[in-house]
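Participant: Let me give you the structure first, and then I'll get to my questions.
The values are calculated or read from the model by the stated rules, or taken from the named source; none is laboratory data. These figures come from a predicted structure and were not determined experimentally. Don't worry about glycine lacking a Cβ; one is built from the backbone with ideal geometry, like all the others, and counts go over all protein chains shown.
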Amino acid sequence: MVKWRIEIIEDFCKGCEICVNICPITNLYKVGKVDKPVLRMSERFGYQGYPLVEVVDPTKCTGCHLCDHACPDLAIHVIKEE
Amino acid sequence: MKVDVRITGIGGQGILTMAKILGSALVREGKYATLIQNFDTFISGGESTADMRVSDQPIEYPVFEKADITVFMAKKTYPRYINKVKEGGIVVINSDVIDEEPKGNFTVIKVPASSIARKLGNVRASNMVMLGALVAKLSLANPEVIKELIREKFKDKADLNIKAFEEGMKIGRGI
Amino acid sequence: MSLEESRKKLTQMPEMSLARAEALPHSLCPGCGIGTILNTFLRAMHELEEEGKLDSSKLVVISGIGCSGRISGFVKTDSMHTTHGRPVAFATGVKLARPELNVWAFGGDADLFQIGLNHTLQAARRNIDIKVVMVNNFNIAMTGGVPTVTTPPKAITKYTPRGWFERSFNIPKLMASAGATYVARWTTAHVFQLKQTFKKMALRKGFSFLEVVSQCPVLFGRYNKFRDPWSMVDYFMKMSRVVKGPQYLEEAAIEFGKPILVGEFVETEAPEYTETIYEAEGVVRK
Amino acid sequence: MKPGKYFESGAWAAAMGALASGATFFSYYPIEPATDIAEEMVRYGPKNGLLVFEAEDEISALGAAIGASWAGAKAFTSTSGPGFSLMQEHVSYAAMTETPVVLINGMREGPSTGQATKAAQQDVMQTKWGGHGDYEVIVYAPYNTQEMFDLTVKAFNQAERWRVPAMVMADKMTILLMEEVVIPEKVEVVNRKRPKVPPEQFEPFKPEEDLVPPMPRFGDGYRVHVTGVTHNEKGVPVSDDPWVHHKLVKRLCDKIRKNRDKIVEYEVFGDEDPEVLIFAYGFPARSAKEAIKLARSKGMKAALFRPKTLWPFPDKELKEIATKAKKVIVVEWNYGQMLNEVLKVVPEEKVSFVYRIGEIPIPPESILEEGGVRI
């Protein structure tokens with residue numbers, strides 16, 4: 001089975017939340033269809049002073065690449081493992 | 001030697017072509033010439049005048065008000081420039097289009113340039129007829145050099161123009 | 001992790017091979033759609049290079065002035081950040097002087113359709129092989145959110161608190177009537193379509209035009225009931241209707257509350273200008 | 001064009017100068033009297049490897065020329081007054097991005113449309129001060145057909161040598177006047193410096209000792225970013241550090257200011273220790289030269305100082321000769337433009353100004369008479 005690793009370059013993230021909102025699995029989590037989201041906003045702030053996104057459960061990632069294509073700051077990258 | 005030549009007519013008559021051939025011939029012979037073009041607009045039918053200063057010395061200042069030799073190719077510019085002919089100067093007119101008799105302290109040379117050119121097959125060659133008359137009468141430049149330049153300029157249409165130039169020379173010699 | 005390490009990390013991502021790391025992170029607002037356009041463009045060009053269809057050293061990215069004008073600075077190719085409204089004029093010179101280059105011009109709505117409209121239309125008319133990408137964020141953002149030729153009727157901006165009173169351009173129709181041989185529109189919600197369109201444009205010969213409807217959350221969105229970046233992307237997603245063909249040009253103007261038509265409006269062929277001029281004029285290439 | 005002697009116009013000579021310099025790109029928008037140059041380029045350009053592009057306006061014409069220059073072309077454009085005004089933003093851009101580009105201007109009468117087919121010298125200050133910001137350009141003022149050729153070649157060479165916009169400011173008379181012009185057997189051609197190191201080591205805006213950085217060509221793998229924004233030596237925009245701006249703009253100016261001795265050109269005609277000195281350039285200098293001959297024929301010590309480069313201005317050289325003169329007559333076809341540069345180095349009480357605001361001939365005698373010289 002293909003595994004996906006999600007790499008976040010925190011210095012680049014401006015906390016716009018597009019990735020969190022565009023992620024299909026995270027959206028399923030919001031309506032209670034899955035137990036954990038792939039992404040969520042963390043409590044931490046980054047180099048540019050914005051809240052940072054973080055990965056919660058990468059195993060649920062389907063590798064759809066919506067988040068890393070849509071990220072305006074080139075901050076999130078979905079990488080195929082193995 | 002310093003002669004101021006003014007060639008004037010309307011756009012499309014080949015005023016500039018005529019002047020440029022004359023200037024090129026002079027330069028080729030080692031003399032000096034300047035040519036100032038004056039025109040209303042680029043539209044055919046507007047006034048067109050070439051002011052040429054000819055000399056055996058390099059020319060610094062090419063502007064003049066009154067000309068030693070004035071060539072009139074059309075009626076339109078006649079009133080404006082007939083008063084700008086030097087005392088004792090020369091006026092050359094295309095007698096086919098200018099029916100007035102120029103009066104003043106100058107010599108008048110009449111050349112029926114348009115009718116000669118028409119007889120040769122193209123009325124547009126009247127500028128070459130005029131150039132021939134001018135060159136023959138006033139010894140401004142070497143006719144052979146001018147013919148060479150006509151050949152370079154008109155290429156396959158050169159024959160008619162050379163003939164027109166030669167006809168003009170005949171008239172010039174006869175006057 | 002230091003900023004230098006972050007940059008290095010970025011360049012190690014294969015699909016980001018064409019990002020100019022030293023100029024990043026960029027200074028665009030959080031959630032700005034221009035970033036998404038940059039992102040998908042970088043991926044598209046990288047994929048083409050991987051596929052052996054493009055040599056990125058022959059890629060030239062030219063932009064104008066404004067938020068979208070910054071794009072050229074974030075791309076590790078030969079690139080030009082020019083004057084306001086004129087990227088297409090510069091691109092024309094680059095393409096004519098070295099026809100083997102793959103030349104892109106990026107600009108905003110005001111850049112390409114207000115101050116620089118003439119150049120954009122003329123390039124389309126000539127069908128010169130330049131790929132023009134217009135970022136439509138409905139306002140002139142860099143100067144603080146000033147309305148422009150694409151600001152929808154009644155929209156609120158800082159400079160039109162009582163609502164915008166001018167009519168806006170129907171951009172695809174305008175480009176089609178100028179003679180553009182390729183006219184497409186997508187939004188920043190259509191990331192894969194954007195990438196595919198960039199790839200298609202790169203390989204196409206002739207004038208290609210893409211309008212990308214983009215969110216400007218800080219200077220346009222928040223005045224118009226879009227609370228955050230996502231709400232605007234979400235709006236684009238929900239309001240878009242994919243179409244294909246010139247029969248949809250008439251209804252392609254964008255208005256709030258009405259469907260946003262996206263897709264390929266025009267795809268035709270015509271003699272390309274650079275080839276034509278070299279041939280017709282008999283230019284002997286040195 | 002074959003070497004030899006021709007009877008041709010200034011426009012033709014400028015076109016030949018451009019081709020002899022290796023120009024490969026010409027863009028223009030029609031405007032009188034500069035269209036004459038376009039006409040010559042269309043005729044002779046393509047078969048000599050030059051592409052002619054008729055742009056949609058002058059803004060685009062210079063923009064395209066700058067783009068072409070980065071793509072490796074030797075690019076130039078020609079225009080007249082109103083078109084030159086439109087180009088100013090891109091002159092400023094070319095200066096900031098260190099783009100070699102040549103502009104040939106057929107000066108006509110302004111302000112505004114003025115008299116479109118009449119000559120004047122009303123754009124000479126605009127060449128230096130027309131665009132925004134501090135920058136230096138190199139500007140030539142030809143006064144005869146031969147110089148239309150020679151100084152166009154120099155403009156290309158200097159643009160390439162120093163990576164600046166170089167201009168040939170010809171008045172309409174000099175563009176249209178036909179006279180003898182000699183195309184020499186050999187023309188010295190200067191090409192821009194190319195990077196000597198591979199792309200990984202190359203910093204696109206890092207100057208060499210002469211303050212000029214080597215210039216890569218688009219498409220050769222150097223992946224250079226060209227921007228009108230203040231940039232560091234790597235070409236990365238820097239919008240927050242005013243010292244980076246200070247340093248960059250200082251260098252852009254200094255590369256010309258510090259090398260002005262290599263660039264400045266002028267002609268002194270007549271006596272080395274003149275009693276009367278006439279300062280003139282372009283077409284009016286022809287009349288001034290005649291005036292000097294006239295004065296000297298009457299036994300007066302007289303000289304013409306004729307700058308060939310308006311910028312950099314030959315101020316030192318003018319000052320030296322003007323110090324000896326009792327009287328300095330400035331002749332211009334405007335209401336006082338280069339006059340102010342003369343007044344910076346010559347005491348006002350020595351200077352008289354003879355002018356016509358437009359194409360009104362100033363005969364040699366009038367220059368002397370109006371300048372207060374009795375012969």
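Participant: Do we find that B:LEU134 is closer than 30 Å to D:ALA288 by Cα, at pLDDT below 95 and not acidic (Asp, Glu) in this structure?
Facilitator: Numbers: closer than 30 Å to D:ALA288 by Cα: no; at pLDDT below 95: yes; not acidic (Asp, Glu): yes.
The answer is no for B:LEU134.
Okay, residues lined up against (1) buried (at least 24 other Cβ atoms within 10 Å of the Cβ); (2) within 14 Å of another protein chain (Cβ to nearest Cβ):
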{"residue": "C:TRP104", "(1), (2)": "yes, yes"}
{"residue": "C:LEU112", "(1), (2)": "yes, yes"}
{"residue": "C:ARG126", "(1), (2)": "no, yes"}
{"residue": "C:VAL133", "(1), (2)": "yes, no"}
{"residue": "C:ASN139", "(1), (2)": "yes, no"}
{"residue": "C:THR151", "(1), (2)": "yes, no"}
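Participant: Using the structure shown, decide if A:ILE18 is closer than 18 Å to C:SER27 by Cα, crowded, with 18+ Cβ neighbours inside 10 Å and facing chain C (nearest Cβ under 10 Å). Even if it seems obvious, please write down each step before you answer.
Facilitator: Details: closer than 18 Å to C:SER27 by Cα: yes; crowded, with 18+ Cβ neighbours inside 10 Å: yes; facing chain C (nearest Cβ under 10 Å): yes.
Against the criterion (closer than 18 Å to C:SER27 by Cα, crowded, with 18+ Cβ neighbours inside 10 Å and facing chain C (nearest Cβ under 10 Å)), A:ILE18 qualifies.
Participant: I need the full set of residues from the stretch D:285-330 which are touching a Gly at 6+ places or on another chain (Cβ under 7 Å), crowded, with 24+ Cβ neighbours inside 10 Å and assigned to a helix (DSSP H, G or I), in order please.
Facilitator: Scanning the stretch D:285-330 gives a single hit, D:ILE292.
Condition check ((1) under 20 Å from D:VAL238 (Cα atoms); (2) within 17 Å of the chain's Cα centre (by Cα); (3) not in a loop (DSSP other than H, G, I, E, B)) across all residues:
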{"residue": "C:GLU4", "(1), (2), (3)": "yes, no, yes"}
{"residue": "C:PRO30", "(1), (2), (3)": "no, no, no"}
{"residue": "C:THR40", "(1), (2), (3)": "no, yes, yes"}
{"residue": "C:GLY52", "(1), (2), (3)": "no, no, no"}
{"residue": "C:VAL61", "(1), (2), (3)": "yes, yes, yes"}
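Participant: For residues in the stretch C:1-22 being surrounded by 21 or more Cβ atoms within 10 Å (Cβ to Cβ) and touching a residue at least 40 places away in the same chain (Cβ under 8 Å), which is farthest from A:PHE45 (Cα to Cα)?
Facilitator: Per the criteria, the residue is C:LEU18.
Participant: Here's something else I'd like to know. Among what's in the stretch A:56-82 and is over 30 Å from C:SER68 (Cα atoms) and either among the aliphatic types (A, V, I, L, M) or in contact (Cβ under 8 Å) with a residue 60 or more places away in the chain (or both), pick the residue that is surrounded by the most Cβ atoms within 10 Å (Cβ to Cβ).
Facilitator: Initial filter on the stretch A:56-82 (over 30 Å from C:SER68 (Cα atoms)): A:56-62, A:80-82.
Subsequent filtering for residues that are either among the aliphatic types (A, V, I, L, M) or in contact (Cβ under 8 Å) with a residue 60 or more places away in the chain (or both) retains A:56, A:80-82.
Working: A:VAL56: 15, A:LYS80: 9, A:GLU81: 9, A:GLU82: 6.
Checking each candidate, the answer is A:VAL56.
Participant: Moving on to the next point. Anything in the stretch D:353-375 that is exposed (fewer than 15 other Cβ atoms within 10 Å of the Cβ) and either out of contact with any Phe, Trp or Tyr (no Cβ under 9 Å at 6 or more places or on another chain) or in contact (Cβ under 8 Å) with a residue 60 or more places away in the chain (or both)? List them, or say none. Even if it seems obvious, please write down each step before you answer.
Facilitator: Here is the first cut: in the stretch D:353-375, the residues exposed (fewer than 15 other Cβ atoms within 10 Å of the Cβ) are D:360, D:365, D:369, D:372, D:374.
Selection gives D:GLU365, D:GLU369, D:GLY372, D:ARG374.
Participant: Which residue, of C:VAL266, C:VAL243, C:VAL262, C:VAL283, is more than 20 Å from the chain's Cα centre (by Cα) and not polar (S, T, N, Q)? Walk me through how you get there before you give the answer.
Facilitator: Details: C:VAL266 fails: more than 20 Å from the chain's Cα centre (by Cα); C:VAL243 fails: more than 20 Å from the chain's Cα centre (by Cα); C:VAL262 fails: more than 20 Å from the chain's Cα centre (by Cα).
On inspection, the qualifying residue turns out to be C:VAL283.
Participant: May I ask you to list pairs of residues, at least six apart or on different chains, whose Cβ atoms are under 9 Å apart, with the first in the stretch C:117-145 being hydroxyl-bearing (Ser, Thr, Tyr) and the second being in a strand (DSSP E or B)?
Facilitator: Filtered contacts from the stretch C:117-145: C:THR120/C:ALA105; C:THR120/C:GLY107; C:THR120/C:VAL132; C:THR120/C:MET134; C:THR120/C:PHE209.
Participant: Can you pull out the residues in the stretch D:355-375 that are more than 14 Å from chain B (Cβ to nearest Cβ) and over 23 Å from D:ILE175 (Cα atoms)?
Facilitator: Selection gives D:GLU369, D:GLU370, D:GLY371, D:GLY372, D:VAL373, D:ARG374, D:ILE375.
Participant: Restricting attention to the stretch C:1-25, which residues are within 7 Å of another protein chain (Cβ to nearest Cβ) and either in contact with an Asp or Glu (Cβ under 9 Å, 6 or more places away or on another chain) or hydroxyl-bearing (Ser, Thr, Tyr) (or both)?
Facilitator: Passing the criteria: C:MET1, C:LEU3, C:SER6, C:LYS9, C:MET13, C:LEU24, C:PRO25.
Participant: Within the stretch D:195-214, track down each residue that is assigned to a loop (DSSP other than H, G, I, E, B) and either within 20 Å of C:SER63 (Cα to Cα) or polar (S, T, N, Q) (or both). I'd like the intermediate steps shown before the answer.
Facilitator: The initial filter retains those residues of the stretch D:195-214 that are assigned to a loop (DSSP other than H, G, I, E, B), namely D:195-198, D:202-214.
The answer is D:PRO204, D:PHE205.
Participant: So which of C:GLU51, C:GLU100, C:GLU47 ends up being surrounded by fewer than 24 Cβ atoms within 10 Å (Cβ to Cβ), of a type in the set (Asp, Glu) and at the interface with chain D (Cβ under 9 Å from one of its Cβ atoms)?
Facilitator: Details: C:GLU51 fails: at the interface with chain D (Cβ under 9 Å from one of its Cβ atoms); C:GLU47 fails: at the interface with chain D (Cβ under 9 Å from one of its Cβ atoms).
One residue alone meets the criteria, C:GLU100.
Participant: Of C:THR11, C:THR36, which residue is at pLDDT 95 or above, part of a helix (DSSP H, G or I), more than 20 Å from C:ARG204 (Cα to Cα) and of a type outside the set (Phe, Trp, Tyr)?
Facilitator: On the way: C:THR11 fails: at pLDDT 95 or above.
The match here is C:THR36.
Participant: Still on this structure: When you go through B:GLY172, B:GLY132 one by one, which is the residue that is in contact with a Leu (Cβ under 8 Å, 6 or more places away or on another chain) and not β-branched (Val, Ile, Thr)? Break it down into steps so the answer makes sense when it comes.
Facilitator: On the way: B:GLY132 fails: in contact with a Leu (Cβ under 8 Å, 6 or more places away or on another chain).
Just one listed residue meets the conditions, B:GLY172.
Residues checked against (1) more than 19 Å from C:MET80 (Cβ to Cβ); (2) more than 7 Å from chain C (Cβ to nearest Cβ):
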{"residue": "D:ILE59", "(1), (2)": "no, no"}
{"residue": "D:SER69", "(1), (2)": "no, yes"}
{"residue": "D:SER78", "(1), (2)": "yes, yes"}
{"residue": "D:PRO82", "(1), (2)": "yes, yes"}
{"residue": "D:MET87", "(1), (2)": "no, yes"}
{"residue": "D:SER92", "(1), (2)": "no, yes"}
{"residue": "D:THR97", "(1), (2)": "no, yes"}
{"residue": "D:LEU103", "(1), (2)": "yes, yes"}
{"residue": "D:GLY106", "(1), (2)": "yes, yes"}
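Participant: Are any residues in the stretch B:47-61 part of a strand (DSSP E or B), touching an Asp or Glu at 6+ places or on another chain (Cβ under 9 Å) and not basic (Lys, Arg), and if so, which ones? Don't jump to the end; show me each part of the working.
Facilitator: So the first thing to find is which residues in the stretch B:47-61 are part of a strand (DSSP E or B), and the list is B:47-55.
Narrowing further to those that are touching an Asp or Glu at 6+ places or on another chain (Cβ under 9 Å): B:47-48, B:51-54.
Of everything in the stretch B:47-61, those that are part of a strand (DSSP E or B), touching an Asp or Glu at 6+ places or on another chain (Cβ under 9 Å) and not basic (Lys, Arg) turn out to be B:GLU47, B:SER48, B:ASP51, B:MET52, B:VAL54.
Participant: In the stretch D:29-42, what residues are over 17 Å from the mean Cα position of the chain (by Cα) and outside any loop (DSSP other than H, G, I, E, B)?
Facilitator: Within the stretch D:29-42, D:THR35, D:ASP36, D:ALA38, D:GLU39, D:GLU40, D:MET41, D:VAL42 qualify.
Participant: Does at least one position in the stretch D:238-249 carry a residue that is buried (at least 18 other Cβ atoms within 10 Å of the Cβ), assigned to a loop (DSSP other than H, G, I, E, B), of a type in the set (Ser, Thr, Tyr) and within 14 Å of chain C (Cβ to nearest Cβ)?
Facilitator: no
Participant: To continue, here is another question. Restricting to the stretch B:1-42, and then to whatever is in a loop (DSSP other than H, G, I, E, B) and within 12 Å of chain D (Cβ to nearest Cβ), can you tell me which residue is modelled with the lowest pLDDT? I'd like the intermediate steps shown before the answer.
Facilitator: As a first pass, look at the stretch B:1-42 and keep what is in a loop (DSSP other than H, G, I, E, B): B:1, B:11-14, B:29-31, B:40-42.
With the extra rule that they be within 12 Å of chain D (Cβ to nearest Cβ), the set shrinks to B:29-31, B:40-42.
Values: B:GLU29: 94, B:GLY30: 95, B:LYS31: 95, B:ASP40: 66, B:THR41: 59, B:PHE42: 56.
In this case the residue turns out to be B:PHE42.
Participant: Taking the stretch D:175-194 as the region of interest, how many residues are more than 16 Å from B:ALA33 (Cα to Cα) and part of a loop (DSSP other than H, G, I, E, B)?
Facilitator: Count: 11.
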